[in-house]
1. Output the direction-averaged projected area (hull surface divided by four) of the convex hull of the alpha-carbon atoms of region B:11-149, in nm².
2. Packing-wise, with mean Cβ within 10 Å as the measure, how do A:130-136, B:226-232 rank, highest first?
3. Kirkwood Rh, Cα Rg: Rg to Rh for chain B?
4. Treating the Cα atoms of region A:34-155 as identical point scatterers in vacuum, please give the log10 of the normalised Debye intensity I(q)/I(0) at q = 0.22 Å⁻¹, two decimals.
5. Using a 10 Å cut-off around each Cβ of peptide A:107-113, what is the average number of partner chain Cβ atoms that fall inside?
6. How large is the translational diffusion coefficient of region B:135-269 in µm² per second when you combine the Kirkwood radius over alpha carbon pairs with Stokes-Einstein at 10 °C and 1.306 mPa s?
7. Among DSSP beta bridges whose residues both lie in the protein assembly as shown, state the antiparallel percentage, nearest 5.
8. Roughly what % of Cα-Cα distances in the protein assembly as shown sit above 37 Å, to the whole percent?
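Here, each number is a calculation from the coordinates, and none is a lab measurement. Values in this document were obtained by computation on a predicted structure and should not be read as measured data. No Cβ is skipped: glycine too gets one built from the backbone with ideal geometry, and neighbour counts run over all protein chains shown.
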C-alpha cells in the first residue's frame with residue numbers, strides 16, 4: 001500500500017499469527033485467487049486498528065472446528081466492517097489462527113484499488129465454484145447469506161435478519177462442511193442509515209445508498225463509523241445432511257434453522273448488552 | 001513415424017513445434033496464408049494457401065497427413081474482420097472437412113482462453129465446460145468463439161478423427177510474436193491503475209511440449225492449458241524488468257486507440273487487464289501427463 005506508508009508495517013501479533021498458518025501458494029507466493037501473505041500481513045495490520053477501534057468482545061471462537069467450515073454471521077452496518085472484525089478475530093483470537101476467506105459481492109472486482117486489497121488479503125468473489133474449491137481445500141469461508149440486503153438495513157430494521165439465500169446451505173451440504181453461526185452486535189450502531197435512497201444508489205451503481213441522520217449537519221463525515229462496541233458470538237457448529245441439489249423448500253427448512261439460531265443469538269446478546277459504547 | 005500437416009507455419013509456435021517433430025523423425029509439411037518468413041527453415045516444405053481455398057486440398061491429397069495440427073488461428077485484429085472470419089471460421093471448417101475426407105487420424109485445433117472472456121464475476125478457476133462470454137462484450141472475438149465451437153462439435157460428430165481442442169493461457173517466449181508477447185516487450189508497459197487481476201502464462205517451450213504430448217496422447221475433447229500458476233498482472237509486468245505506465249481505467253480505450261505504440265493492441269484485451277480469467281488445466285495434466293517446467297518469473301525475464 002504505497003498510499004499509506006506509515007501504516008505499511010506489519011503488526012507483530014499479525015506476523016506471529018501468519019507464521020502459524022499453513023498455506024498452499026505457488027512459486028511466487030500467490031494462490032490462484034491472488035491471496036499473497038506478504039501483502040495480506042500489511043492489510044491485516046491496518047484492519048487490526050479498525051478491529052481495536054471497535055473493542056470487540058468475542059465469545060465461543062473455540063467453536064470453530066478444524067478443517068473446512070462455513071462461518072455464517074448476520075450482516076449490518078452499511079460497510080462490511082463486520083466481516084473485517086470477524087476476519088481479524090479469527091486471525092488473532094482463534095487457536096490455531098484461521099485465515100478467513102470471505103465471499104464478497106460480485107461487483108467488488110470493478111472497484112479500483114479495493115479489488116487488489118481484497119484479493120491480496122484473501123477475499124474472493126462470492127461464487128459457488130470459488131466457495132466449493134476453497135472448502136474442498138479445508139478453508140474457513142465467511143459468507144453473509146443476507147448479502148447486501150443485510151448490510152444496507154435501515155435503523156428501523158436493525159438486528160432483524162432479512163431473507164437468507166440458499167447458496168451457503170447447498171455448499172455446506174455439497175462439501176460436507178459444518179456451519180458456525182455468528183452473531184455480530186454493535187455494527188448496526190456504527191454507521192446508521194435512516195433511509196435507503198434507491199435512485200441515488202442506482203445512479204452511483206451501488207447496492208444501496210444509506211442516508212445518515214446527521215448527513216445535513218456533518219455531510220459525508222457522518223459516515224465515519226462511531227466507536228460502538230462489537231460483540232461477536234460464535235455458536236456451536238451445526239451439521240447438516242442431505243442432497244445439496246434438493247428441492248428449494250427442503251433446503252429452506254435447513255436455512256431457517258441457521259437463521260433462527262443466529263436471530264436468537266442476537267436477541268440474547270441485545271438483552272444483556274448494557275450500553276452501545278461501553 | 002507420422003506425416004504431420006501444420007497450419008500457421010509462418011508463426012513461431014508452429015515453426016518450433018515443427019522443428020521438434022523433425023527431431024523425433026516425423027515428416028512435417030507446413031501451410032500458411034502468409035508468405036514464408038525469412039526465418040523459415042528449408043527442412044519444412046512450405047505451401048502458401050488460404051485455408052478456405054481449393055489449393056489447401058492439394059496439400060492434403062498429395063501429402064496424405066495422418067496428423068493435422070491446426071495452429072493457424074488468426075488472432076491479429078489488424079487483419080480485416082471479414083478476412084479473419086474467412087480464415088478462422090470458413091478456413092477452419094475446410095481444414096476439418098479435408099481432415100475427415102483424407103483419412104486424417106488426429107486433429108489438434110489451437111483455440112485460446114480468451115474466448116472465456118474477462119468478466120468481474122468470473123470464478124477461479126474456469127473449467128472447460130463453462131460458457132464462453134467473450135463474444136457478448138467483444139463481437140470482434142466472435143470468429144474465435146465460433147472456431148472453437150465448431151471444433152468442439154467435431155470431437156463428437158466425427159469420433160474417427162480424434163479431435164483435440166486446446167485452449168492455452170497466454171503463450172509467451174522470446175520467439176513468440178503474439179499480441180501479449182509484443183506487449184510485454186514494450187519499453188514502457190501500460191497497465192490499468194488500481195487493477196491487477198491474476199494472469200497465467202505458459203512459456204513457448206512448455207507450449208511446444210504440451211502440443212507434442214497432446215497429439216501423441218489418446219485424449220479427445222477440449223482442454224485448457226496453463227503454465228506453473230497465476231500471478232497478479234502488476235507483478236508479472238514488473239518481472240519483465242521494464243518500466244511501467246499507469247493508465248486510469250476510463251482512459252484505457254482512448255489510449256489503445258490513439259497512442260501510436262498501441263495500434264496493434266487488440267481492444268478486447270483491455271478487460272483482461274481488469275478482470276481475471278484463470279483456467280484449470282487439471283484435466284490436461286491428468287490425461288497427457290503434461291507438467292510445465294518454466295517458472296513464470298523465468299519466462300517473463302527472458303522475453
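1. The directionally averaged projection comes out at 9.7 nm².
2. Sorting A:130-136, B:226-232 by mean packing, highest first, produces B:226-232, A:130-136.
3. 0.95
4. -1.58
5. Shielding by partners across A:107-113 averages 5.
6. 93
7. Once the DSSP bridges in the protein assembly as shown are tallied, antiparallel ones form about 15 percent.
8. Within the protein assembly as shown, distances greater than 37 Å cover 41 percent of Cα pairs.
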